[in-house]
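What follows is a set of notes on a single structure, which appears directly below.
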Amino acid sequence: MTQTRDPEIDTARATAPIWPGRPHARHLVRDGVRTALVQRVSSIAGAFIVAIICVVVLATAGRSAANERAILSQVDSVGTRLLTLVDDKGEAGVTADGVLALAGVDAVDEAFGLGSAVDVRSVATPDGGAAARRALVGSLPEDLTLVSGRAPRPGEAVVGVTAARALGLADGLGAVALPRSGADETPVVGVVHGTGPLANLDELVLARPPAGAAPVPVRFVYVTARSVGDVPSLTTLLPELVRAENTSSLAVEAPSGAIALRDAISGQLGASSRQMMALVLGVGLVIVSVSTYGAVAGRRRDFGRRRALGASRSAIVVLVLVQTAVVACSGAALGVGVGLWATWSAAGSLPSVSFVTGVGVLAVLVALAGAVPPALAAALRDPVRILRVP
């Protein structure tokens with residue numbers, strides 16, 4: 001006569017032994033992992049649910065976060081971090097040493113200064129167009145693109161693309177000097193192009209003072225903050241940081257409009273991303289809870305035997321949560337990988353590492369939260385009633 005097999009008994013035998021008395025923590029972890037491996041159907045279903053949660057969150061909120069990151073990176077390139085210190089009357093006494101001292105300030109990414117404007121013409125075409133030459137204090141900013149030639153050394157100059165056309169120096173090679181007298185000749189070694197708030201530099205000839213020359217009075221100081229959060233403090237402290245003799249003659253031009261635009265973009269995109277994420281996680285919480293309850297209900301006799309042999313209610317809860325954590329971590333890893341691929345395919349960019357990590361962690365926490373009610377239900381059942389033979 002063929003004897004039928006009880007699947008619950010097979011599961012109980014394959015998993016860890018039923019503990020006599022109070023189990024050790026490592027026994028609970030080991031039993032939870034083994035149970036997750038043995039109960040393949042429920043484990044695969046749970047992992048699939050968690051993976052779907054991650055994929056949906058990354059494909060919706062993650063895509064919005066990637067777009068927000070891309071947009072803000074463009075806004076933050078210079079526009080929201082560039083401050084301009086202006087000495088309109090030339091009475092502040094800002095020197096090159098004061099500009100160079102800004103490089104040692106933690107909140108400053110880069111800084112350079114410009115001296116007073118002097119009209120110059122090309123030495124090759126003294127009757128041609130003119131352009132304004134200003135002394136350049138410090139190095140060329142990173143956002144000022146070198147179109148041709150090279151960066152200037154002391155005693156040399158570069159010209160903006162607009163000034164190059166006016167002077168007839170499209171190739172960026174030649175020399176400029178004062179009109180008529182031809183004095184103060186400066187070699188030109190390159191052409192530069194500015195964008196955004198530095199676009200006005202296209203109209204200038206930027207000349208580095210020769211080594212050993214007399215100090216150059218600085219009229220404009222351009223300072224790029226390391227982050228948008230450093231802009232308010234720099235706006236207040238910048239006149240003191242440049243060591244000016246008369247700070248009352250200085251005016252700071254801050255990118256308030258660009259910062260307001262950045263905050264508006266960040267607020268709108270961030271709010272929609274958070275709402276979508278909350279909705280997906282809420283639905284996932286309900287689905288995980290129902291799925292876990294069904295899996296726990298199928299093991300009620302196993303839990304009843306454990307309780308009858310001395311396992312505490314807390315041990316049953318921990319066992320269910322460990323099994324859920326193993327399944328959720330596997331599903332989160334799979335879902336994050338697929339979600340990143342879907343986000344990259346749709347948006348062409350990826351959200352930040354912290355966002356991706358947060359999605360995976362939240363998915364696991366949602367699974368654990370959804371498993372708590374079924375775990376409590378399993379722990380609070382009467383083992384005598386479960387094991388009673390009809």
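The values are calculated or read from the model by the stated rules, or taken from the named source; none is laboratory data. Just so it is clear, the model here is predicted, and its values are computed rather than measured. Counting neighbours? That spans all protein chains shown, and the Cβs are built from the backbone with ideal geometry, glycine included. Areas reflect the complete protein model, heavy atoms only, side chains present, ligands, DNA and RNA absent. Shrake-Rupley method; radii C 1.70, N 1.55, O 1.52, S 1.80 Å.
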Flagged pairs (Cβ under 8 angstrom, 6 or more apart or on separate chains; first in segment 116-131, hydroxyl-bearing (Ser, Thr, Tyr); second open to solvent by 50 Å² or more (accessible area, probe 1.4 Å)) are Ser116/Pro217; Ser116/Arg219; Ser122/Gly168; Thr125/Gly168
Gly93 fails exactly one of (1) farther than 26 Å from Val231 by Cβ; (2) among the small types (Gly, Ala, Ser); (3) at pLDDT below 85, namely (1)
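Table: residues versus (1) of a type in the set (A, V, I, L, M); (2) surrounded by 17 or more Cβ atoms within 10 Å (Cβ to Cβ); (3) without any contact (Cβ under 8 Å) to a residue 60 or more places away in the chain; (4) assigned by TED's automatic domain parsing to the domain that holds Ala375.
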position	(1), (2), (3), (4)
Leu281	yes, yes, no, yes
Gly294	no, no, no, yes
Gly335	no, yes, no, yes
Leu340	yes, yes, no, yes
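Residue-wise test of (1) over 28 Å from Thr80 (Cβ atoms); (2) assigned to a strand (DSSP E or B); (3) of a type in the set (Lys, Arg).
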residue: Glu142; (1), (2), (3): no, no, no
residue: Ala151; (1), (2), (3): no, no, no
residue: Pro154; (1), (2), (3): yes, no, no
residue: Ala166; (1), (2), (3): yes, no, no
residue: Leu169; (1), (2), (3): yes, no, no
residue: Gly172; (1), (2), (3): yes, no, no
residue: Val176; (1), (2), (3): yes, yes, no
residue: Val188; (1), (2), (3): yes, yes, no
residue: Ala199; (1), (2), (3): no, no, no
The residue from Leu173, Leu201, Leu169 that alone is under 11 Å from Arg121 (Cα atoms) and surrounded by 14 or more Cβ atoms within 10 Å (Cβ to Cβ) is Leu169
Within segment 215-266, the residues that are at pLDDT 80 or above, surrounded by fewer than 18 Cβ atoms within 10 Å (Cβ to Cβ), touching a strand residue (DSSP E or B) at 6+ places or on another chain (Cβ under 7 Å) and farther than 20 Å from Ser139 by Cα are Ala251, Val252
Cβ pairs under 9 Å, 6+ apart or interchain, first in segment 206-234 and closer than 22 Å to Ala244 by Cβ and among the acidic types (Asp, Glu), second exposed (fewer than 15 other Cβ atoms within 10 Å of the Cβ) and modelled with pLDDT of 80 or more, ordered by first then second residue, are Asp230/Asp106
Going through segment 206-218 in order, the residues found to be within 24 Å of His193 (Cβ to Cβ) and out of contact with any Gly (no Cβ under 6 Å at 6 or more places or on another chain) are Leu206, Ala207, Arg208, Pro209
Taking segment 125-139 and keeping only residues that are within 17 Å of Val191 (Cα to Cα) and open to solvent by 40 Å² or more (accessible area, probe 1.4 Å), one is left with Ala130, Arg134, Ser139
(1) within 23 Å of Leu250 (Cβ to Cβ); (2) among the polar types (S, T, N, Q); (3) open to solvent by 20 Å² or more (accessible area, probe 1.4 Å) all hold for Thr80 apart from (3)
